[in-house]
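Enquirer: Following this message is one structure expressed as structure tokens.
The values are calculated or read from the model by the stated rules, or taken from the named source; none is laboratory data. Remember, predicted model here, so these are calculated numbers, not experimental data. For neighbour counting, all protein chains shown are included, and Cβ atoms are generated from backbone atoms with ideal geometry for every residue, glycine included. Remember, those area values only see protein heavy atoms, side chains included, never the ligands or the DNA or RNA. Shrake-Rupley method; radii C 1.70, N 1.55, O 1.52, S 1.80 Å.
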Amino acid sequence: MTTITLDNGRLRLVVNPLVGGSVVRFDRLTEHGPEPLMRPGNDAERDPNRLAMYPLVPWSNRIGGGGFTWQGRHYPLAANLAGEPLPIHGDGWQREWRVERQAQHELRLTLRSFEQPPFDYLAELSYRLADDTLEVVLAVTHRGETPAPYGLGLHPWFPRSADVRLEATAEGVWEVDADQLPTEWRRLEATESWNFSRGKGLPSGKIDNLFTGWHGRAELRWPERGVTLEVRADTSRYLVFSPGKQADFFCFEPVSHEVDAHRGDPQRQGLVELCTGESLSMRCRFHCCAS
């Protein structure tokens, strides 16, 4: 068996280190049986996009233009997902992670990657259950001789229902083109459908956009199930993705940088240049409570 299960009597987490260090299932345990807090996958699945959550390292989302230029040198990047013309989400989500420590309530994984210049890194990913909370810590340390720009994120998939509600502050949002690359940042109006600051349902049409000016706290509510999931992260950006109301999922992704930041204003848009031995980390907590 390749999956590892953490169980503290209140929550259960199933992880597959061999499939991008992904979460297969994240459930709260009730008298009626396990209830999914993220869209459930199965132990045999080998596609991270059909599982519950995976890490984003050494960057989040898409990079256009066939690559990017950093400190005067161009680094080409190839597409890495069938049907997607642009490189997306780095390589951590598509690699096997190594188990460094396993306990009843905690799991620590590592990944050494150097096949995608200029990224030459050691990543660490930890999952820990404490009471009604899942804590995830993702960190990356640069091992290469040439400095490189890094970003991090998490890509959870949540069940979408007709009355699911999302509450998450933001100051603005990036509009995108047909390739889902950013075109223009605009300030969110108080009354518009994409302003989730006071909690509202998801738009009926497609959304795949990055929001800025987040305070690091969000609530996902499923009123029909009486479940609320609080998300806290030490990032100031999030991305919301769903194909539309016909889909059975949506994604709320805490990320450290903006889409295609490598070709924009990298450091202003959240990327961090790391020299040899320097590290970057992010922490996210998923806290389950009754609505």
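Enquirer: Applying the Karplus parametrisation 6.51 cos²θ - 1.76 cosθ + 1.60 with θ = phi - 60° to the phi angles of segment 119-125, what ³J(HN,Hα) value in whole Hz is obtained for each residue in order, glycine and proline being reported as x?
Expert: Calculated HN-Hα couplings, in order: 7, 9, 8, 10, 10, 10, 9 Hz.
Enquirer: Where does segment 210-291 land on Rg(C-alpha)/(2.2 N^0.38 Å)?
Expert: Against the empirical 2.2 N^0.38 Å value, I get 1.33 for segment 210-291.
Enquirer: Net charge around E278, counting only other residues with Cβ within less than 15 Å of its Cβ (Lys, Arg = +1; Asp, Glu = -1)?
Expert: -3
Enquirer: For segment 146-263, what does the alpha-carbon gyration tensor say about shape, rounded, prolate or oblate, given a ≥ b ≥ c as the root eigenvalues, a/c under 1.5 as rounded, and a/b over b/c as prolate?
Expert: Working: a/c = 1.67, a/b = 1.47, b/c = 1.13.
Prolate, because a/c is 1.5 or more and a/b exceeds b/c.
Enquirer: Can I ask one more? Return the ratio Rg/(2.2 N^0.38 Å) for segment 92-131, where Rg is computed over Cα atoms only.
Expert: Against the empirical 2.2 N^0.38 Å value, I get 1.37 for segment 92-131.
Enquirer: Please sort 211-217, 228-234 by packing, taking for each peptide the average over its residues of neighbouring beta carbons within 10 angstrom, highest first.
Expert: Per-residue Cβ counts within 10 Å, averaged per peptide and sorted highest first, yield 228-234, 211-217.
Enquirer: May I pose another question? What size of dipole, in debye to the nearest 20, comes out for segment 104-253 about its Cα centre when the only charges are +1 on Lys and Arg C-beta atoms and -1 on Asp and Glu C-beta atoms?
Expert: Charge dipole of segment 104-253: 280 debye, to the nearest 20.
Enquirer: Could you calculate the contour length gain from R283 to E45, that is, 0.36 nm times the residue separation minus the distance between their Cα atoms, to one decimal place in nm?
Expert: Length gained, R283 through E45: 83.0 nm.
Enquirer: Sticking with this one: Per residue, how large is the accessible surface of the chain? Use a 1.4 angstrom probe and give square angstrom.
Expert: Normalised by residue count, the accessible surface of the chain is 43 Å².
Enquirer: I need the semi-axes of the equivalent ellipsoid of the chain: take the C-alpha gyration tensor, multiply each eigenvalue by 5, square-root it, list largest first in whole angstrom.
Expert: Semi-axes from the Cα gyration tensor: 28, 25, 16 Å.
Enquirer: Order 50-60, 250-260 from most to least packed using the mean count of other Cβ atoms within 10 Å.
Expert: Highest to lowest by the protection proxy: 50-60, 250-260.
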